[in-house]
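These notes are about the structure you will find just below.
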Amino acid sequence: MEKTALKDAFSEFKNLKNIDRATMSGVLQDVFKSQLAKTYGTADNFDVTINIDKGDCQILRTREVVETVEDPATQISVEEANSNGDDFEVGDDFAEVISLESFGRRGILNLKQNLQGRIMDIEKANLFNKYQDKVGELFTGEVYQTWAKEALLMDDEENELHLPKSEQIPGEHFKKKDSVKAIIKSVELRNNTPYITLSRISDDFLEKLFEQEVPEIYDGLITIKKVVRIPGERAKVAVESYDERVDPIGACIGVKGTRIIGIVRELRNENIDVIQWTTNKQLLIQRALAPAKISATVISPDENEPIKVYMLPDEVKKGIGRGGCNIKLASMLVGREIEVWRDQPKQVEQEEEDVLLDEFDNEIDAWVIERLKAIGCDTAKSVLALDRADVVRRTDLEEETVEDIFRILQSEFED
């Protein structure tokens, strides 16, 4: 019974993928030699021949024939060696076949357990190496189970891959057997077991989707220079073509949007702006802040200073975007903070019905008005055109104070 169990372990080991026969044979040799050393005190005088295909082995023990035995593990007396009618002399080598049964039931079970342990170690090492080489690649798998904090996916060989909630696009919900695309973010060992983490919010994930959908990118005719995202909201992809005959933006979008629409759907309708890359920072800023039109750009030589862009009142909201999304992504793309300033026309036409901030000095403290003027806002509408959070950050005023300012200014036009 124990011998049959050992052969089953042989068979399991033999069916392992991605392991060469030399490695397989070496591991089996180590397992048997280890057990022989435990049983007989040494394994130096044993030869183990493994038949992987049949799931069997032959163990040959060699001892020196001596007159008086001092070490039973390596020596045998002349009388014992010739007990079957042989003609051995002192100094000869006496070889005998050792059966598996000689290990005893406990020894055979120990062999099986050691072999299965080595099998698991090899499987874990193979899995780790396999996915370590695939970090950054696109993966498509089936959802096996979902929990509040993560979704568990399976590959074709039933290996587990983890998609944490923090790596999912906000608002996503998966069901069992859903087919999901993600990028392989990392592979690490946890308790000596490979832990493979996937991501759908990585910038690299969007880049790989473009490579998959746009042949010109895959072929190297178009290069993605930079990708920035606010997952589930908006993304900007800067591309460059090395062939003047290829329009990088048109190629990425496709005829009637056929190429980009698949990417947008995969990202839960995330808005994607494809812009042409340029090393001219001022031009790149203009393209990054589209559809807003910029009146002027001031780039300080100090890299720590924010870039100031001036826009007419009607363009400010477009430049900032919903919740400051557009300006944030533009800053990420350029690699430097960008501030939007209101470009006040020289003459304010009467029909604009705007009101100077100084007219509110009975409701708003003078020093607060001065703070607002310092960021380029000298009328009520110029303040209302900005995002509240942006005003808090740029003026260093309290949130409650800014809320009061917006309430006061808005009531003026409501009246």
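Which residues' amide hydrogens lie under 5 Å from the amide hydrogen of Lys226, considering only partners 5 or more residues apart or on another chain, with H built in the peptide plane?
Those lying under 5 Å, H to H, from Lys226 are Ala238.
What is the local net charge at Pro291, summed over the other residues whose Cβ is closer than 14 Å to its Cβ (Lys, Arg +1; Asp, Glu -1)?
Net local charge, Pro291 excluded: +4.
Quick query: amide H of Asp273 versus all other amide H atoms, modeled in the peptide plane; which residues come in under 5 Å with a sequence gap of 5 or more or a different chain?
Answer set, sorted by chain and number: Ala235, Lys236, Val237.
So, R0 is 22 Å and r is the distance between the beta-carbons of Glu158 and Glu137; what FRET efficiency does that work out to, to 0.05? Walk me through the numbers before you get to the answer.
On the way: r = 19 Å, r/R0 = 0.87.
Using R0 = 22 Å, I get an efficiency of 0.70.
Which of the GluC sites (Glu not before Pro) found in segment 80-151 are in a DSSP loop and have at most 14 neighbouring Cβ atoms, other than their own, within 10 Å?
Answer by residue number: Glu89, Glu137.
How much net charge surrounds Thr62 when only the other residues with a Cβ under 12 Å from the Cβ of Thr62 are counted, with Lys and Arg +1 and Asp and Glu -1?
Once positives and negatives cancel, what remains is -4.
Against the longest principal axis of the chain, how steep is helix 325-334, in degrees 0 to 90 to the nearest 10, with axes from Cα atoms?
Around 70 degrees separate the two axes.
Under a 5 Å amide H to amide H cut-off, with H placed in plane at 1.01 Å, what residues pair with Ser186 once short-range neighbours are removed?
The answer is Thr197.
Test of understanding: express the Cα radius of gyration of the chain as a ratio to 2.2 N^0.38 Å, with N the residue count.
1.70
Considering the chain as a Gaussian network with a 10 Å cut-off on Cα pairs, which listed residue, Asn114, Asn191, Asn326, attains the greatest mean-square fluctuation?
Asn191
How do Ser34, Ser166 stack up against each other in accessible area, from largest to smallest, with a 1.4 angstrom probe?
On the way: Ser34 50, Ser166 85 Å².
Greatest to least solvent exposure: Ser166, Ser34.
Can you tell me the accessible area per residue over the chain, all protein chains present, probe 1.4 angstrom, in square angstrom?
Accessible area per residue, the chain: 56 Å².
Note down the accessible area of Thr297, probe 1.4 Å, to the nearest 10 Å².
Rounded to the nearest 10, the figure is 30 Å².
Just to confirm the number: angle between the C-alpha axis of helix 104-132 and the first principal axis of the chain, 0 to 90 degrees, nearest 10?
Helix 104-132 and the main axis of the chain meet at about 30 degrees.
Please give, to one decimal in nm, the separation of the simple spin-label points placed at Gln58 and Lys124, each 7 Å out from Cα toward the Cβ.
Distance between label points: 3.6 nm.
How much of the DSSP bridge set in the chain is antiparallel, in percent, rounded to the nearest 5? Can you show the working numbers first?
Working: 45 of 60 bridges.
Bridges in the chain that DSSP calls antiparallel: roughly 75 percent.
Averaged over every viewing direction, what's the projected area of the C-alpha convex hull for segment 211-317? Give it in nm², one decimal, please.
8.2
How do Leu283, Leu206 rank by accessible surface area computed with a 1.4 Å probe, from largest to smallest?
Correct descending sequence by accessible area is Leu283, Leu206.
Read phi for every residue in segment 370-382 and hand back ³J(HN,Hα) as whole Hz from Karplus 6.51 cos²θ - 1.76 cosθ + 1.60, θ = phi - 60°, with x for Gly and Pro.
For segment 370-382, the Karplus-derived couplings read 5, 4, 5, 5, 5, 9, x, 10, 10, 10, 4, 5, 5 Hz, x marking Gly and Pro.
On C-alpha positions alone, give me the angle between the axis of helix 399-414 and the longest principal axis of the chain, in degrees, nearest 10.
Tilt of helix 399-414: around 40 degrees.
The values are calculated or read from the model by the stated rules, or taken from the named source; none is laboratory data. Since this is a predicted model, take the numbers as computed values, not measurements. Please note: Cβ atoms are built from the backbone with ideal geometry, for glycine as well, and neighbour counts cover all protein chains shown. Heavy atoms of the whole protein, side chains included, go into the accessibility calculation; ligands, DNA and RNA do not. Shrake-Rupley method; radii C 1.70, N 1.55, O 1.52, S 1.80 Å.
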